[in-house]
Amino acid sequence: QVQLVESGGGLVQPGGSLRLSCTASASEIIFSIYAMDWYRQAPGKQRELVAIITRDGNTAYADSVKGRFTISRDNAKKTVYLQMNNLKPDDTAVYYCKAQYGSNDYWGQGTQVTVSA
């Protein structure tokens, strides 16, 4: 069982930046074998994949955030990050991290990001 805790959300103006963090309760060795994802869910919309980072550090992004968001991980800190720049109102959502290994998925509780003037 892996517990994930997100932090770093908040209210930001359009064009601003935030960095989200997601820290796992697992050991460093266990954390390092998981692929880590960031998802988001806006009111009235389905949850969507934002970014992924594999155990080897390969990354991929949704088209809507390419060039603005960067996912990274620090296995020693058992933490995955989502650096979000040039935020837009459409980025407003609850952001969730997910750890995945084989058939095992673990989700965090989410952190709210609101982009508004």
I'd like the accessible area for ARG55, computed on protein heavy atoms only with a 1.4 Å probe and all protein chains in place. Round to 10 Å², please. 120
Once both label points are put 7 Å beyond Cα along the C-beta direction, the SER116-ALA60 separation in nm becomes 3.4
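Roughly how many percent of the accessible protein surface of region 64-107 is carbon and sulfur, given a 1.4 Å probe and a whole-percent answer? Don't jump to the answer; show the numbers that get you there.
Working: 900 of 2120 Å².
Roughly 43 percent of what the probe reaches on region 64-107 is carbon or sulfur.
Just to verify a number: FRET efficiency for ALA35 and LEU11, C-beta to C-beta distance, R0 = 35 Å, to 0.05? Could the numbers behind the result be given before it?
Values: r = 30 Å, r/R0 = 0.86.
For R0 = 35 Å, the calculated efficiency reads 0.70.
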If the label point sits 7 Å along Cα→Cβ of GLN100, residues of region 38-80 with amide N under 11 Å come out as 38-39, 49-54
Can you tell which of GLN100, THR23, GLN83 lies farthest toward the positive end of the dipole of region 11-117, using +1 and -1 charges on the Cβ of basic and acidic side chains (Lys, Arg; Asp, Glu)? GLN83
Please give me the summed charge of the neighbours of TYR96: other residues whose Cβ is under 10 Å from its Cβ, Lys and Arg +1, Asp and Glu -1. +1
What is the distance in Å between the Cα centroid of region 34-51 and that of region 68-85? 15
Quick one: length gained pulling ASN86 to ARG68 fully straight, 0.36 nm per residue minus the C-alpha distance? 5.9 nm
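The values are calculated or read from the model by the stated rules, or taken from the named source; none is laboratory data. Not measured: the values here are computed from a predicted model. Heads up, the Cβs are rebuilt from the backbone with ideal geometry, glycines too, and the neighbour counts pull from every protein chain shown. What goes into the accessible areas is simple: the full protein's heavy atoms, side chains included, and nothing from ligands, DNA or RNA. Shrake-Rupley method; radii C 1.70, N 1.55, O 1.52, S 1.80 Å.
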